[in-house]
1. Please order 99, 141 by the number of other Cβ within 10 Å, starting at the fewest.
2. Given R₀ = 25 Å, what would the calculated FRET efficiency be for residue 51 paired with residue 82, taking r from the Cβ atoms and rounding to 0.05?
3. For a footprinting-style exposure proxy, rank 78, 100 by other Cβ within 10 Å, fewest first.
4. Would you calculate the separation in nanometres between label points at residue 154 and residue 69, each defined as 7 Å from the Cα along the Cα-to-beta-carbon direction?
């Protein structure tokens with residue numbers, strides 16, 4: 001197992017040593033701004049954000065009588081893992097764009113807001129989020145009505 005330079009105790013499984021003069025990217029550190037509710041128990045040396053027990057709890061909150069099949073639980077775990085991977089990858093790119101090697105909550109927030117239209121309350125600024133009104137103006141509506149009337153008249157001829 002390889003370890004990041006200067007990061008004793010953090011093994012990288014499946015990562016080979018740099019070769020052909022290619023440098024490994026600098027590690028990004030994650031500063032935790034709020035207490036985490038991520039379970040500390042790990043399976044095979046990694047911490048899971050979501051496990052089968054938590055999925056069952058979430059399902060019971062929605063419908064106490066519902067029971068998920070094993071395949072559905074596995075699919076949900078896979079989807080959640082893929083989502084987390086994609087969000088963290090994009091957030092790391094945002095941090096890199098800021099010329100920082102530290103991943104901050106604002107990086108994750110920016111990605112979630114812009115790409116997923118998600119706002120996570122309780123993190124970052126406490127400002128009120130503005131309500132986004134539709135961009136349909138009165139002139140736009142009139143053009144739409146004229147077009148509909150024109151098509152209707154053509155159809156009836």
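1. Ranked by crowding around the Cβ, least crowded first: 99, 141.
2. 0.95
3. By the 10 Å Cβ count, ascending: 78, 100.
4. 4.8 nm
Read the figures in this text as sums done on the coordinates, not as results from a lab. What you are looking at is a predicted structure, and each value in this text was computed from that prediction instead of being measured. Every residue, glycine as well, gets a Cβ built from its backbone with ideal geometry; the counts of neighbours run over all protein chains shown.
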